1. May I ask for the net charge around Ile28, where only other residues with Cβ less than 15 Å from the Cβ of Ile28 are counted and Lys, Arg are +1 while Asp, Glu are -1?
2. Of the peptides 101-114, 67-80, how do they stack up when ordered by the mean number of other Cβ atoms within 10 Å, highest first?
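Laboratory data are not the source of any read-out in this text; all were calculated from the coordinates shown. On a predicted model such as this, the values are computed, not experimentally measured, just so you know. Positions of Cβ are generated from backbone atoms using ideal geometry, with glycine treated the same way; all protein chains shown enter the neighbour counts.
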Amino acid sequence: MCKWSGAIVGTWLNRGFDADSFQLFLGIFILLVSVVLFIRSRLTPKLYTKKRIERTYIDQEGTTYTYSYNVLPALMLSFVVGMLSGLFGIGGGSLMVPAMMILFHFPPHIAVATSMFMILLSAFAGSLAHIILGNVEWFYILALLPGAWFGGLTGAAINRRLSSDSLVLVLRIVLIFVALRLIYEGL
């Protein structure tokens, strides 16, 4: 629910950007997220308190992960990610996955799967808001939707085959590439 309302607020904020400044700010933001992912092993979660939900997960290699989160910080994070998703038109996974890994020490595979489900819900809210505002180019949706569908299925299949470390490395590389391209186009 917080991510939905954040997506609607971000959609509204989006109207205040011109294309060049939009790309520049998005590129800088994504570059910062990728830098944080590179130093995440040196960061310790600061949101651990007595009132938390704690889980344990054992991955394919037998590595045990213990992660936890507090409901209120998780809801606040969800709102901010939803707002940034609506603002920048990104699914939120590039924000939510690193945030869950850094702030709550989610294992990468759990963070990706959890994020994908949340994106489904927030993308619906953000998309509906953009439709209401008249921001949708329907021809492009019809042209690109089949590729996005099969790309999503392919990505999920690749995710199952990658180790946690490999998955984080791929995420870092993709974020840096996207960030640099957006910054270049925004200048």
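1. Working: positive: Arg181; negative: Asp20, Glu185.
Overall, the nearby charge balance is -1.
2. On the way: 101-114: 20.9, 67-80: 16.8.
Highest-to-lowest ranking by the protection proxy: 101-114, 67-80.
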